[in-house]
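The values are calculated or read from the model by the stated rules, or taken from the named source; none is laboratory data. The structure presented is a predicted model; accordingly, all values stated were derived computationally and were not measured. Backbone-built Cβ (ideal geometry, glycine too); neighbour counts: all protein chains shown. The area values use the complete protein model at the heavy-atom level, side chains included, leaving out ligands, DNA and RNA. Shrake-Rupley method; radii C 1.70, N 1.55, O 1.52, S 1.80 Å.
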Amino acid sequence: MKLLRTATVLLLAAAIGLAIPAPARAGGWATTLLDPLPARFEPGITYTVGYWVLQHGSHPYSGVLGTTALRLTDDAGKVATYPGKALPEAGHYAVAVVFGHSGTWRLSSVQGVFADYEIGEVAVPGGLTVRPTPTPMVWNQGEEDFWGVVRPPLGADAKPAGNAAGPT
């Protein structure tokens, strides 16, 4: 009888644990938007890149986001991950990256509790071709303004700047 009760409690606890969604599974998604970049990248040169992780493409995550990073994958599949450092603005990070050799590099981001995000491809030497970004959700939770003078590259209509595929 005691074993049956224990098994029932464990099954109930497991069911409750599965019913409580994790932030990334609860309709949560995020995009990574980059601060302005140089027009051209060269191999072996260090570049400092600022980036924003925005939940629903429009606002910073209100919980503990976790580790963020930019990830470079070369055309042979070799991966280099560069952890970001939080900047004073909500959702804003910076990292120093280097492209180890010429070629095509896939640029993606690690977004903490959210799924990784594919940003685009970088031709080295050359520039970044940005993948289209999802349309940001409108964030209207009162009169909150998350940023001061320094803010993500969002237009007046809350659409990310440079969201069309093409060189930036």
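Residues checked against (1) touching a Leu at 6+ places or on another chain (Cβ under 8 Å); (2) at pLDDT 95 or above; (3) over 29 Å from MET137 (Cα atoms); (4) of a type in the set (Val, Ile, Thr):
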residue	(1), (2), (3), (4)
ALA7	no, no, yes, no
TYR51	yes, yes, no, no
HIS59	no, no, no, no
ALA80	yes, yes, yes, no
- request: Considering only segment 100-132, state which residues are touching an Asp or Glu at 6+ places or on another chain (Cβ under 6 Å) and closer than 16 Å to PRO38 by Cβ.
  value: TRP105, PRO125, THR129
- request: Hey, can you tell me all the residues within segment 46-81 that are open to solvent by 80 Å² or more (accessible area, probe 1.4 Å), hydroxyl-bearing (Ser, Thr, Tyr) and farther than 14 Å from PHE114 by Cα?
  value: THR46, THR48
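To keep it simple, each residue is scored yes or no on (1) among the acidic types (Asp, Glu); (2) closer than 15 Å to TRP29 by Cβ; (3) in contact with a helix residue (DSSP H, G or I) (Cβ under 8 Å, 6 or more places away or on another chain); (4) modelled with pLDDT of 95 or more.
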| site | (1), (2), (3), (4) |
| --- | --- |
| GLY44 | no, no, no, yes |
| ALA69 | no, no, no, yes |
| LEU72 | no, no, no, yes |
| ALA90 | no, no, no, no |
| VAL95 | no, no, no, yes |
| PHE99 | no, no, no, yes |
| GLN111 | no, yes, no, yes |
| ASP116 | yes, yes, no, yes |
| GLY127 | no, no, no, yes |
message: Quick check on my filter: what residues within segment 82-134 are of a type in the set (Gly, Ala, Ser), outside any loop (DSSP other than H, G, I, E, B) and either under 23 Å from ARG40 (Cβ atoms) or open to solvent by less than 50 Å² (accessible area, probe 1.4 Å) (or both)?
response: ALA94, ALA96, GLY103, SER108, SER109, GLY120, ALA123, GLY126
